[in-house]
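See structure below.
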């Protein structure tokens, strides 16, 4: 428990500003997500937007990662590397994941986008992934166990006949890109550390159409795909534990 950073008011304000920038970057890029556009073009726009707002991308150069965002299409679960060769076509679903560093503070968020007409299964998995995130967020309050986030997500996704990725998880964030605790999206009830006001972390459930397992492309060492080639979807927010519940720091639409 002691290694989970309780942020000060000043730190929280810095994390909030960075989180809002990351959220606004996701809003900005939405109008450019369309058929015929390549994902490197999207990444370049994201890079410029972050830079123009006085920040830098946390992913660019992180452990050798070459781009300013992760863009993951269809069966790619996460860490898809933007490329000129990846051109959007009708029926695609994609996750765009952005982490900003503004004045030394981190904000991390992602959401799903669609291209043209998508299948009913694709629409369904997107809706289940979004509701999974919402259920996880509703568990955030002082005194609750982190494991209850994964417990409610796992129970819901299973009831919808989907699986939850267990090889990747949410994490503390704010002062650093990845902090304690690990936030599992499938967990036992009342397991894990206790939430306290001032903790900041991501909830980012990855929901798979078929098997929960993933495989990482050997040629780039980053791109994680579903092991059976079926669809995956994910949404992510950076959350603050408040004195009486939560604040969704990356929410720029007022949804929460």
Q: Run residue 252 past the list (1) over 22 Å from residue 107 (Cβ atoms); (2) buried (at least 17 other Cβ atoms within 10 Å of the Cβ); (3) out of contact with any strand residue (DSSP E or B) (no Cβ under 8 Å at 6 or more places or on another chain); (4) touching a residue at least 40 places away in the same chain (Cβ under 8 Å) and report the number of the one that doesn't hold.
A: (1)
Q | Failed criterion for residue 213 (all others in (1) crowded, with 22+ Cβ neighbours inside 10 Å; (2) under 24 Å from residue 158 (Cα atoms) hold) | A | (1)
(Q) Can you confirm whether residue 114 is within 18 Å of the chain's Cα centre (by Cα) and under 15 Å from residue 239 (Cα atoms)? (A) no
Q) Conditions: (1) within 20 Å of residue 76 (Cβ to Cβ); (2) in contact with a helix residue (DSSP H, G or I) (Cβ under 6 Å, 6 or more places away or on another chain); (3) surrounded by fewer than 16 Cβ atoms within 10 Å (Cβ to Cβ). Residue 185 meets all but one. Number of the miss? A) (3)
Q: Select, from 192, 221, 210, 172, the only residue that is in contact with a helix residue (DSSP H, G or I) (Cβ under 7 Å, 6 or more places away or on another chain) and at pLDDT 95 or above.
A: 192
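Has segment 149-165 got at least one residue that is closer than 20 Å to residue 98 by Cα and either buried (at least 21 other Cβ atoms within 10 Å of the Cβ) or within 17 Å of the chain's Cα centre (by Cα) (or both)?
Residues of segment 149-165 closer than 20 Å to residue 98 by Cα: 165.
Okay, now just the ones that are also either buried (at least 21 other Cβ atoms within 10 Å of the Cβ) or within 17 Å of the chain's Cα centre (by Cα) (or both), so 165.
The answer is yes; a qualifying residue exists.
Might you let me know whether segment 121-129 holds any residue that is touching a helix residue (DSSP H, G or I) at 6+ places or on another chain (Cβ under 9 Å) and closer than 21 Å to residue 26 by Cβ?
Here is the first cut: in segment 121-129, the residues touching a helix residue (DSSP H, G or I) at 6+ places or on another chain (Cβ under 9 Å) are 128-129.
Still in the list and also closer than 21 Å to residue 26 by Cβ: 128-129.
Yes: segment 121-129 contains one or more residues that are touching a helix residue (DSSP H, G or I) at 6+ places or on another chain (Cβ under 9 Å) and closer than 21 Å to residue 26 by Cβ.
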Q) Which one of these does residue 239 not meet: (1) touching a residue at least 60 places away in the same chain (Cβ under 8 Å); (2) over 20 Å from residue 70 (Cβ atoms); (3) surrounded by 15 or more Cβ atoms within 10 Å (Cβ to Cβ)? A) (2)
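Examine segment 205-222 for a residue that is closer than 18 Å to residue 4 by Cα and over 19 Å from the mean Cα position of the chain (by Cα), and state whether such a residue exists. If you could, list the steps in order and put the result at the bottom.
In the first step, residues of segment 205-222 are kept if they are closer than 18 Å to residue 4 by Cα; the result is none.
Among the residues of segment 205-222, not one is closer than 18 Å to residue 4 by Cα and over 19 Å from the mean Cα position of the chain (by Cα), which makes the answer no.
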Q) Looking at segment 147-177, which of its residues are part of a loop (DSSP other than H, G, I, E, B) and closer than 21 Å to residue 243 by Cβ? A) 173, 174, 175
Q. Does residue 46 satisfy the criteria of being closer than 25 Å to residue 116 by Cα, in contact with a strand residue (DSSP E or B) (Cβ under 7 Å, 6 or more places away or on another chain), buried (at least 17 other Cβ atoms within 10 Å of the Cβ) and without any contact (Cβ under 8 Å) to a residue 60 or more places away in the chain?
A. yes
(Q) Suppose we filter segment 125-146 for residues that are within 25 Å of residue 230 (Cβ to Cβ) and either part of a strand (DSSP E or B) or in contact (Cβ under 8 Å) with a residue 12 or more places away in the chain (or both); how many remain? (A) 10
Q: Could you give me the residue pairs with C-beta distances under 8 Å whose first residue belongs to segment 1-22 and is under 13 Å from residue 180 (Cα atoms), whose second residue is assigned to a helix (DSSP H, G or I) and at pLDDT 95 or above wherever it lies, and which are 6+ apart or on separate chains?
A: 7/15
Q) Given (1) touching a strand residue (DSSP E or B) at 6+ places or on another chain (Cβ under 6 Å); (2) more than 14 Å from residue 232 (Cα to Cα); (3) not in a strand (DSSP E or B), where does residue 180 come up short, assuming only one miss? A) (3)
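The values are calculated or read from the model by the stated rules, or taken from the named source; none is laboratory data. Every value quoted in this text rests on a predicted model; they were computed, and no experiment measured them. All Cβ positions, glycine included, derive from the backbone under ideal geometry; neighbour counts span all protein chains shown.
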